[in-house]
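As structure tokens, the structure follows; a few thoughts come after it.
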Amino acid sequence: MVSPSSPGSEAALPRRRQWLRKAASTVSVAVLALWGVFLTAWLTLHWAILPHIDEWRPSIERLASKSLGLNLSLGAIRVKSGGWVPAFELQDLRLYDSDGRQALHLERVHTALAPQSLLALTLRFEQILIDGARLDVRRDAQGRWHVAGLDWAGSVDGADTRARDWVLRQREFVVRHAQVHWTDERAGVPPLVLSELDLVLRNGLRGHALRLDATPPPAWGQRFTVRGRFNQPLLAPAGELARWSGTLYAEFPQADAAALRRHVTLPFELGEGDGALRAWVDIADGSPRKATLDFALRAVSLQLAPSLQPLQMQQLLGRVEAERNAAGIALRVQDLAFVTADALSWPAGNLNLAWRQAQNLGERWTTATPVTGGELSADRLSLDVMARMAERVPLGQALRTLLGGLAPSGTIDNLKARWTGPLDQPATYQVDARLRDLTLQASVAPAGDAPHVTPGRPGVRQAQIELSASERGGQAKLAMRDGAMVFPGLWEQPELPLHALDAALSWQLTPVPGRASAIELKLSKASFANADLKGEADATWNSGAGDG
């Protein structure tokens, strides 16, 4: 081993210094060469190009057209600054789509060239400021979006993708006092013109942020705002929208909902209505995963399904969230309150509904695949309003028929339910609920059962109930003050008034092949009192072996 003070160590020092001097010399030469190239490019730009910039216009048009993948024309180019980074004013810029139609017209464009352009020989700007523009936005019959002639999803030959990449690589776009013509060929509605549009788009290494403010036609409502913030993987191309994730937000302080509906796809038919709207859309890997809508509307008409009657609302407000994953869809309603045209009032309440229905996250939200089960939780549900609106909401025919027969009234303060299979005919289910002031209409036995003196379905009036039920049976705690129980077919006078009642009920459903399930109902630990009697009792009632 050579010690630090050995002759070998002393001999190595000059060789290290010599290597360091050579490395420093090489780096210095490289830096000077780089500066030389940069200075040459800068001098060429300022002495050979800028004084004759308008003469270079055909070459610039060709370079820009090649970068964008679309034909571009310029009326004039003016140099606005002689500083280190030159600024320009472009006049009468026109962009044509692949069919030769003018898709973008810019009266005046102010730009500041980015230093990277001198080295990369690409059109890269620090800022692009556009004053006065006419932009065409079109959705074709196949549902593809075209912005300024660019297929925003990307064309087969990649030209539109190149243009979109170029736009999203520029550091900042600012558009003022623009006009947008929105044509929806898929919906087949007249074009929509947005005026006084202002847009700011900022692009970074991984992130993109935008804000858009525009004024719709007077019939649409007031000026609205759209904002978005997105990010993407570090090495992904800027225009690869399938890898974008973030949130898009829109606010309409006053909007005509029916006019908006003609240009926005909704899962229901919105006939009329106006008011304030706010919406958030969360996007993951280019696909919407969650949507939130705040609304305060008046004079609303909506049809939740083609087979249902329209709902007419005087007022409608609340928040709706919809979220999906590969397994299914979740719907959350918060502080929902409304007053119908026939004065039915729904108290502000919450509802959560999730159902299992396979989704392809790369495509639109779909309800075409079968539902295989789900869960429901809610509070402050008005039973009489639900029953009276049963023909206008998608409850399923079995539940709609049951509500029609029971004619319920009262409030469900707390409800939790889950099921497997389709909602109309669940294979299994479990329901837990707390009901207040419940009234259920009794039902007499079918006429064919009269010779057998079969009791009908019991009814109640002004009951407080906590229950747990499934397809096999259930149990409930019953309390009643100044109410009644109704037993059609059991006594000559079916209604039994009660000043007070406390009882525990249980029931069991026994399947009978080919017939209705046999029902056994047990009343235990019952204490009751009315004007004529007071006492305690246990009782059992059953429908017979499948006769009920």
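The values are calculated or read from the model by the stated rules, or taken from the named source; none is laboratory data. Source: prediction; values computed, not measured. Quick reminder, even Gly has a Cβ in these numbers, built from the backbone with ideal geometry, and neighbours come from all protein chains shown. Please note that ligands, DNA and RNA were not included when accessible areas were found on the heavy atoms of the full protein model with its side chains. Shrake-Rupley method; radii C 1.70, N 1.55, O 1.52, S 1.80 Å.
A few notes on this one:
- The lone criterion from (1) touching an Asp or Glu at 6+ places or on another chain (Cβ under 8 Å); (2) of a type outside the set (A, V, I, L, M, F, W, C); (3) closer than 25 Å to VAL180 by Cα left unmet by GLN222 is number (1).
- Matching entry among SER98, SER67, SER81 (being closer than 30 Å to GLN179 by Cα, at pLDDT below 75 and either open to solvent by 60 Å² or more (accessible area, probe 1.4 Å) or assigned to a strand (DSSP E or B) (or both)): SER98
- Matching residues, segment 475-495, being assigned to a strand (DSSP E or B) and open to solvent by 50 Å² or more (accessible area, probe 1.4 Å): GLN475, LYS477, ARG481, ASP482, GLU495
- For segment 333-345, the condition of being modelled with pLDDT of 85 or more, more than 30 Å from HIS208 (Cα to Cα) and of a type in the set (Asp, Glu) holds for at least one residue.
- Given (1) more than 25 Å from the chain's Cα centre (by Cα); (2) outside any helix (DSSP H, G or I); (3) at pLDDT 85 or above, index of the condition VAL385 fails: (2)
- Residues being at negative phi, acidic (Asp, Glu), part of a strand (DSSP E or B) and open to solvent by 70 Å² or more (accessible area, probe 1.4 Å) are entirely absent from segment 513-531.
- Residues being more than 19 Å from the chain's Cα centre (by Cα) and among the small types (Gly, Ala, Ser) - total across segment 225-258: 3
- Checking each residue in segment 371-393 for being in contact with an Asp or Glu (Cβ under 8 Å, 6 or more places away or on another chain) and within 16 Å of SER345 (Cβ to Cβ) picks out only ARG380.
- Residue list for segment 53-64, filter: at pLDDT 80 or above and either within 24 Å of TRP182 (Cα to Cα) or exposed (fewer than 13 other Cβ atoms within 10 Å of the Cβ) (or both): PRO58, SER59, ARG62
- Matching residues, segment 532-544, being among the hydroxyl-bearing types (Ser, Thr, Tyr) and surrounded by 12 or more Cβ atoms within 10 Å (Cβ to Cβ): SER543
Yes/no matrix, rows are residues, columns are (1) acidic (Asp, Glu); (2) modelled with pLDDT of 70 or more; (3) open to solvent by 60 Å² or more (accessible area, probe 1.4 Å); (4) in contact with a Gly (Cβ under 7 Å, 6 or more places away or on another chain):
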| position | (1), (2), (3), (4) |
| --- | --- |
| THR111 | no, yes, no, no |
| LEU121 | no, no, yes, no |
| ARG124 | no, yes, yes, no |
| ASP131 | yes, yes, no, no |
| ARG134 | no, yes, yes, no |
| GLN142 | no, yes, yes, no |
| TRP145 | no, yes, yes, no |
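- Unique match (being more than 22 Å from LEU383 (Cα to Cα) and at pLDDT 90 or above) among SER470, SER517, SER524, SER506: SER506
- Within segment 392-410, restricting attention to residues that are part of a loop (DSSP other than H, G, I, E, B) and open to solvent by 40 Å² or more (accessible area, probe 1.4 Å), the residue that is farthest from LEU331 (Cα to Cα) is ALA407.
- First in segment 95-112 and on the phi < 0 side of the Ramachandran plot and among the hydroxyl-bearing types (Ser, Thr, Tyr), second anywhere and part of a strand (DSSP E or B) and open to solvent by less than 30 Å² (accessible area, probe 1.4 Å), Cβ under 6 Å, 6 or more apart: THR111/PHE88; THR111/PHE125; THR111/ILE128
- Among residues of segment 168-191, those that are under 22 Å from ARG243 (Cα atoms) and either open to solvent by less than 40 Å² (accessible area, probe 1.4 Å) or assigned to a loop (DSSP other than H, G, I, E, B) (or both), counted: 5
- Test: residue in segment 378-391 that is over 22 Å from GLU269 (Cα atoms), touching a residue at least 40 places away in the same chain (Cβ under 8 Å), surrounded by fewer than 17 Cβ atoms within 10 Å (Cβ to Cβ) and not polar (S, T, N, Q): no
- Scan of segment 192-218 for residues that are open to solvent by 80 Å² or more (accessible area, probe 1.4 Å) and not in a strand (DSSP E or B), ordered by number: LEU205, ARG206, PRO218
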